[in-house]
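No lab work stands behind these numbers, since they all come straight from the coordinates. Note that the structure is predicted; figures quoted are calculated from it, not measured. Here the Cβ positions follow ideal geometry from the backbone for every residue, glycine too, while neighbour counts run over all protein chains shown.
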Amino acid sequence: MDERALAERLITYDTSTLEGMQSAAGFVKGWLEARDVEVTGSMHNGRPVLAATVGPAATAATVVLHGHLDVVPARPEQFSPRLDGDRLFGRGAYDMKGGLAAMMLAVHDLARQEGVRVHFVCVADEESEELEQRGSDYLVEQGYIGDFAITGEPTDMHIGIQAKGVLAMRIEVTGTAAHGSTPWIGDNAVLKAIDVFRQIEVLPFARESSDLFDRPSINLGRILGGDALNKVPDLCAIDVDVRYLPGQDADAIRQAVDDLPDARVVKVFHRRPAIVDRDNPFVQALGEAISRVAPPVGEQISVGRDGASDVISFLEAGVPAVECGPAGAGHHGPEEWVSVRSLGEYRRALVEFVNLLPARLGKDERPLRIA
């Protein structure tokens with residue numbers, strides 16, 4: 001099975017649902033096991049988690065290839081893959097079933113090499129809003145760590161050495177109730193909530209920039225307010241998704257929001273920014289591997305990712321980790337697609353990266369982190 005066919009098969013599973021996640025995880029497990037790669041499957045927080053290891057024993061350098069099979073909801077037709085030239089369309093094609101398919105094939109290609117130990121791990125809650133322990137945290141606790149980790153988030157074959165942090169806040173805004181026929185007597189909390197969001201957009205942190213990012217990202221994701229048509233709402237909750245820059249202070253941002261009139265932060269989801277040294281020998285080896293199979297367009301390594309990912313689970317465990325995946329566009333949108341050509345390049349780059357490591361690390365004086 002080639003990259004395209006495997007990606008198409010994965011796209012057909014509606015993995016925005018638990019049933020679809022379980023079916024897709026069963027397929028991934030069965031596909032690898034049919035090719036003599038032993039897979040451990042389990043459930044964590046009600047969602048499937050998969051892990052497999054190939055290569056030599058634990059005394060070798062260890063690399064983690066990390067992916068996720070869950071997607072955001074989509075229209076039914078988006079789960080029927082469609083090919084248009086080099087573009088494979090479908091929900092998850094770019095984020096990240098295409099990359100996951102290439103990773104699975106790379107793991108099969110690497111099963112018999114003896115230079116590097118490779119963990120393949122796959123979760124089903126990367127797109128989740130779950131605040132408690134996530135699948136990637138669970139895998140880290142189970143010992144699936146190493147000297148370096150790659151999560152296959154879409155990066156157009158570049159290496160994401162930085163990613164914005166996440167500060168998602170539910171903010172309650174209070175007003176004054178009144179009869180709907182006399183709104184001038186009340187103080188409409190829904191309208192005030194919109195004003196609060198506009199004030200967040202112009203707070204000082206929102207105008208800052210960094211080497212790899214021109215600004216933070218601020219999105220109003222939900223508005224929940226009003227309990228009767230004929231009543232001026234006196235309470236409104238808004239969910240605001242702030243992606244803040246490396247070097248910014250999440251606590252200070254939250255406090256600035258809390259200090260806005262009639263607004264109170266009542267719930268928070270927080271993940272810190274991702275930062276990896278571009279001179280890390282694993283990063284450099286990955287860059288060389290990519291350049292051998294797909295000559296880069298523009299700067300290859302210094303890439304900042306606006307979106308966050310589970311790469312932070314490995315960074316918090318002391319494992320240098322980057323985001324790197326195939327080319328495409330439109331993730332989370334109606335016309336999501338991945339380049340079929342880049343799927344093959346991504347697969348070959350991962351294999352080339354692992355095969356390069358023994359020689360590259362042998363020249364590096366820094367000790368390796370042993371899993």
| Could you put 104, 96, 21, 43 in order, starting from the residue whose Cβ has the fewest other Cβ atoms within 10 Å? | 43, 21, 104, 96
| field | Inter-probe distance in nm under a simple model that places probes 7 Å from Cα toward Cβ, at residue 27 and residue 86 | value | 2.5
| said: Can you list residues from other chains, or at least 5 along the same chain, whose modelled amide H is less than 5 Å from the amide H of residue 321? | reply: 149
| query | When we measure straight from the Cα of residue 231, which aspartates and glutamates land under 19 angstrom away, once same-chain ones fewer than 8 places off are left out? | reply | 172, 187
| request: Run the quick spin-label model on residue 252 and residue 2: label points 7 Å from Cα toward the beta carbon, then report their separation in nm to one decimal. | output: 5.3
| task | Could you pull out every one of the lysines with an alpha carbon less than 21 Å from that of residue 97, ignoring same-chain neighbours closer than 8 positions? | result | 29
| query | If you line up the Cα atoms of the stretch 165-271 on their principal axes, what length do they span on each, largest first, in Å? | reply | 53, 21, 19
| message | Place a point 7 Å from Cα of residue 206 in the direction of its Cβ. Which residues in the stretch 241-261 have their backbone N less than 16 Å from it? | response | 241-245, 253-261
| task | Return the Rg/Rh value of the stretch 110-177, two decimal places, where both radii are evaluated on C-alpha atoms and Rh is the Kirkwood radius. | result | 1.14
| field | Dipole-positive endmost among 185, 44, 218 within the chain (Cβ charges, Cα centre) | value | 44
| said: Restricting to DSSP H runs of at least four residues, report the calculated mean residue ellipticity at 222 nm for the chain, -39500 (n - 2.57) per run over all residues, nearest 500 deg cm²/dmol. | reply: -9000 deg cm²/dmol
| 0 to 90° range, to nearest 10: angle between helix 281-293 axis and the chain longest Cα axis | 80
| field | Cα-based equivalent ellipsoid, the chain: semi-axes from gyration tensor eigenvalues, Å | value | 40, 23, 18
| note | Two pseudo-spin positions, 7 Å from Cα along C-beta at residue 278 and at residue 57, lie apart in nanometres by 4.1
| note | So the angle from the long Cα axis of helix 98-110 to the longest Cα principal axis of the chain, reported in degrees to the nearest 10, equals 20
| request: Take the alpha-carbon centre of the stretch 103-164, take the same for the stretch 1-71, and report the distance between them in whole Å. | output: 11
| said: Output needed: percent of Cα pairs per 5 Å distance bin for the stretch 17-167, bins running from 0 to the one holding the longest distance. | reply: 2, 8, 17, 21, 21, 16, 9, 4, 1, 0
| task | With a Förster radius of 56 Å, plug the Cβ-Cβ distance of residue 185 and residue 316 into 1/(1 + (r/R0)^6) and report the FRET value to the nearest 0.05. | result | 0.65
